[in-house]
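Peer 1: I am attaching a structure below and will ask some questions about it afterwards.
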Amino acid sequence: MKKVVIGITGATGTSIGFRTLETLNQLGIETHVIISRWGLQTLTQETCHSLDDIRSIADFIYPSGDMGAKISSGSFQVDGMLIVPCSMRSLAAIATGLGDNLIHRAADVTIKERRKLVIIPRETPLSTIHLKHMLTLSKLGAVIMPPNPAYYAHPSNINDILDQFVGRMLDQLGIDSPNIERWDGIKASSGEIVPLDPADK
């Protein structure tokens, strides 16, 4: 069974984190969740969900101050970690090795053990400081994945956007979500695939 650590910070976009948990629960993947104090506050502000809702779909949930949790050690094997959404404070803490809460520590462990770390940064516009931290983490092997909508999927509501993005995010961990619409090439009205002339690019 795959095991995934999920950090939910106080940035806007906690609905993405919750939908990720729902999807992993549906797929039978073991989840280890850390939600910060501000992450919980943002969740209740932005959605109709509560901590009890997270408890109902997560296999394990840890307080962000629990530095003795099993996921704080590299000897506890997991398949990767998602930080969704990731605040700029958490981004800075992880990029500089400041493990002052369990989300930051678990991310540090993921990096040092050469496991897959996927970061969903939520801020716009991005300052040079933000970009430098993202570059630092990218050089260390982390995947920086802003939550951009896939317009080719023709989303009709927010759930379509969430499902498509969560599916692309889980691709990074080798997890196939049934809710994602895969790109199948540009098609003519007849349904035939139209080859592009390189000169048209």
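Peer 1: Quick check for me: using +1 on Lys/Arg Cβ and -1 on Asp/Glu Cβ, what's the dipole size of the stretch 3-200 about its Cα centre, in debye to the nearest 20?
Peer 2: Dipole about the Cα centre, nearest 20: 820 debye.
Peer 1: Tell me, what ³J(HN,Hα) does each residue in the stretch 88-95 have, in order and in whole Hz, if you take phi through Karplus 6.51 cos²θ - 1.76 cosθ + 1.60 with θ = phi - 60° and put x for Gly and Pro?
Peer 2: 5, 5, 5, 4, 5, 4, 5, 5
Peer 1: 222 nm [θ] for the chain, helices only, -39500 (n - 2.57) per DSSP H run of 4+, per residue, to 500? Don't skip to the end; give the middle numbers.
Peer 2: Numbers: 7 runs with 75 residues, N = 201.
Computed mean residue ellipticity for the chain: -11000 deg cm²/dmol.
Peer 1: Grab the Cα-Cα distance for Ser138 and Ile158, subtract it from 0.36 nm times how many residues apart they are, and report the gain in nm with one decimal.
Peer 2: So the extension gain works out to 4.3 nm.
Peer 1: Cut-off 10 angstrom, C-alpha nodes, Gaussian network model of the chain. Which of Ser73, Ser50, Ser127 fluctuates the most?
Peer 2: Looking only at Ser73, Ser50, Ser127, the largest GNM fluctuation is found for Ser127.
Peer 1: May I pose another question? Among bridges DSSP assigns within the chain, what percent are antiparallel (round to 5)? If you can, show how the numbers build up before the last one.
Peer 2: On the way: 1 of 22 bridges.
Around 5 percent antiparallel, to the nearest 5.
Peer 1: Loop-only check: which chymotrypsin sites (Phe, Trp or Tyr not before Pro) in the stretch 13-68 are DSSP coil with at most 12 other Cβ within 10 angstrom?
Peer 2: Passing both the DSSP loop test and the Cβ count: no residue.
Peer 1: Follow-up question, since we're still on this one. Could you list the trypsin sites (Lys or Arg not before Pro) in the stretch 104-175 that lie in coil according to DSSP, counting only those with at most 11 other Cβ atoms within 10 Å of their Cβ? Numbers along the way, then the final one.
Peer 2: Numbers: sites: Arg105, Lys112, Arg114, Arg115, Lys116, Arg122, Lys132, Lys139, Arg168; in loops: Arg114, Arg115, Arg122.
Of the trypsin sites (Lys or Arg not before Pro), the ones in loops of the stretch 104-175 whose Cβ has at most 11 other Cβ atoms within 10 Å are Arg114.
Peer 1: Among the listed pairs Lys70/Lys132; Lys2/Lys139; Lys112/Lys139, which are separated by more than 19 Å between their Cα atoms?
Peer 2: With Cα atoms farther than 19 Å apart: Lys70/Lys132; Lys2/Lys139.
Peer 1: Run the quick spin-label model on Leu98 and Ser50: label points 7 Å from Cα toward the beta carbon, then report their separation in nm to one decimal.
Peer 2: 3.4
Peer 1: Normalised by the residues of the chain, what does the relative contact order come to in percent, with Cα pairs under 8 Å and at least six apart?
Peer 2: Dividing the mean separation by the residue count of the chain yields 19 percent.
Peer 1: Here's a follow-up. May I ask for the Rg/Rh ratio of the stretch 3-200, computed from Cα atoms with Rh as the Kirkwood radius, given to two decimals?
Peer 2: My calculation of the ratio gives 1.01.
Peer 1: For Gln26 and Asp184, calculate 0.36 nm times their separation in residues minus their Cα-Cα distance, and state this gained length in nm to one decimal.
Peer 2: Using 0.36 nm per residue and subtracting the Cα-Cα distance, I get 54.4 nm.
We did not get these values from a lab; they are worked out from the coordinates using the rules stated. Everything numeric here is computed off the predicted structure, so don't read it as measured data. Heads up, the Cβs are rebuilt from the backbone with ideal geometry, glycines too, and the neighbour counts pull from every protein chain shown.
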